[in-house]
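The values are calculated or read from the model by the stated rules, or taken from the named source; none is laboratory data. Remember, predicted model here, so these are calculated numbers, not experimental data. Heads up, the Cβs are rebuilt from the backbone with ideal geometry, glycines too, and the neighbour counts pull from every protein chain shown. These area figures cover heavy atoms from the full protein model, side chains too; ligands, DNA and RNA do not enter into them. Shrake-Rupley method; radii C 1.70, N 1.55, O 1.52, S 1.80 Å.
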Amino acid sequence: YLNNNITTATVIDRENNLWFGSYDKGFFLSTNPEVKIINKESGLANEDVLKLAIAGGYLFTGHVLSTLSYMKLGANQTPPIGTITINQDRSDFNRITNLLTIPGNRLMIGTDNGIFRLDISNKNPALWHPESYFEGPVKFDGPIKGITHQHDTVYFISQNAVVVISNQFKRLKGYRFKPIR
């Protein structure tokens, strides 16, 4: 069913369904033994899936060009797919590089140009708006290479910095170094 397409991400939901993303074909739901393809024909705006995450009962799909798709899990056989575009300063290199669910129904979104937080505690997707962590005097260059969290602290790394946000995302520490690839 993948027809030699490139698998880019996988995630398992609460019902033990396997979701996997493809760079060429959208994403797939595997409910053994069936596989359902979710692509442009089934409502997905962008088939170039880079990352997957589950938060607040929704499946989130990160794409190129700062696009984040979402779909309510368990709602029905063909739930509607919504799309959020993250506004960034650059028009190029706008991939979603990381998605991480954190406590409080929040999603951390790493991109080629920074890191964003999406509060999904409100069940109305029309009210979801990604917030950038690095606007104004704090600058953070380069793509986000990885995000992790432990307790109330979120850590992330880019090509030239490691940053720590803790105490309910109020305190910020950062360490710069020479760019790495």
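Whole number in Å², please: accessible area per residue of the chain, 1.4 Å probe, ligands, DNA and RNA not counted.
56 Å²
Using +1 on the beta carbon of Lys and Arg, -1 on that of Asp and Glu, and nothing else charged, what's the dipole of the chain about the Cα centre, debye to 20?
So the dipole magnitude of the chain works out to roughly 580 debye.
From the backbone phi of the range 16-25, what are the Karplus-calculated ³J(HN,Hα) couplings (6.51 cos²θ - 1.76 cosθ + 1.60, θ = phi - 60°) in whole Hz, Gly and Pro given as x?
3J(HN,Hα) across the range 16-25, in whole Hz: 6, 7, 9, 10, 9, x, 10, 6, 9, 10.
Given a 1.4 Å probe and every protein chain left where it sits, what share in percent of the accessible area of the chain is carbon and sulfur?
49 percent
List every residue whose amide H lies under 5 Å from the amide H of A161, counting only residues 5 or more places away in sequence or on a different chain, with H placed 1.01 Å from N in the peptide plane.
F177
Mean separation of Cα pairs under 8 Å and 6+ residues apart, divided by the residue count of the chain: what relative contact order is that in percent?
11 percent
Amide H of Y58: which non-local residues (sequence gap of 5 or more, or other chain) have their own amide H closer than 5 Å, using H built in the peptide plane?
The list, which skips near neighbours in sequence, is L73.
List the residues, sorted by chain then number, that are 5 or more residues from T8 or on another chain and whose placed amide H is less than 5 Å from its amide H.
Answer set, sorted by chain and number: G21, S22, Y23.
For Y70, what accessible area in Å² do you get when you roll a 1.4 Å probe over the heavy atoms of the protein chains, rounding to the nearest 10?
For Y70, solvent-accessible area is about 40 Å².
Under a cut-off of 29 Å between alpha-carbon atoms, report the lysines in cross-link reach of K173, not counting same-chain residues fewer than 8 places apart.
Within reach: K51, K139, K145.
With θ set to phi - 60° and the Karplus curve 6.51 cos²θ - 1.76 cosθ + 1.60, what are the ³J(HN,Hα) couplings of the range 111-118 in order, to the nearest whole Hz, using x for Gly and Pro?
Once rounded to whole Hz, the list reads 10, 5, 10, x, 10, 10, 10, 10.
Between beta-carbons, use under 10 Å as the cut-off and find the net charge around R117, counting Lys and Arg +1, Asp and Glu -1.
For residues surrounding R117, the net value is -1.
Lys and Arg at +1, Asp and Glu at -1: add these up for the other residues within a Cβ distance under 14 Å of A9 and post the number.
Working: positive: K25, K51, R95; negative: D13, D24, E47, D48.
Result for the local shell: -1.
Say each of S166 and I37 gets a label point 7 Å from the Cα, pointing the same way as Cα to Cβ; how far apart are those two points in nm?
About 4.8 nm separates the two model spin labels.
Modelled label-to-label distance, N122 and E15, 7 Å Cα→beta-carbon offset: nm?
Using points 7 Å along Cα→Cβ, the separation is 2.8 nm.
Per residue of the range 29-37, what does 6.51 cos²θ - 1.76 cosθ + 1.60 with θ = phi - 60° give for ³J(HN,Hα)? Whole Hz please, x for Gly and Pro, Karplus curve as stated.
10, 10, 10, 2, x, 8, 10, 10, 8
Once Lys and Arg get +1 and Asp and Glu get -1 on their Cβ, which of G114, A55, P79 lies farthest toward the positive end of the dipole of the chain?
About the Cα centre, the residue reaching furthest to the positive side is G114.
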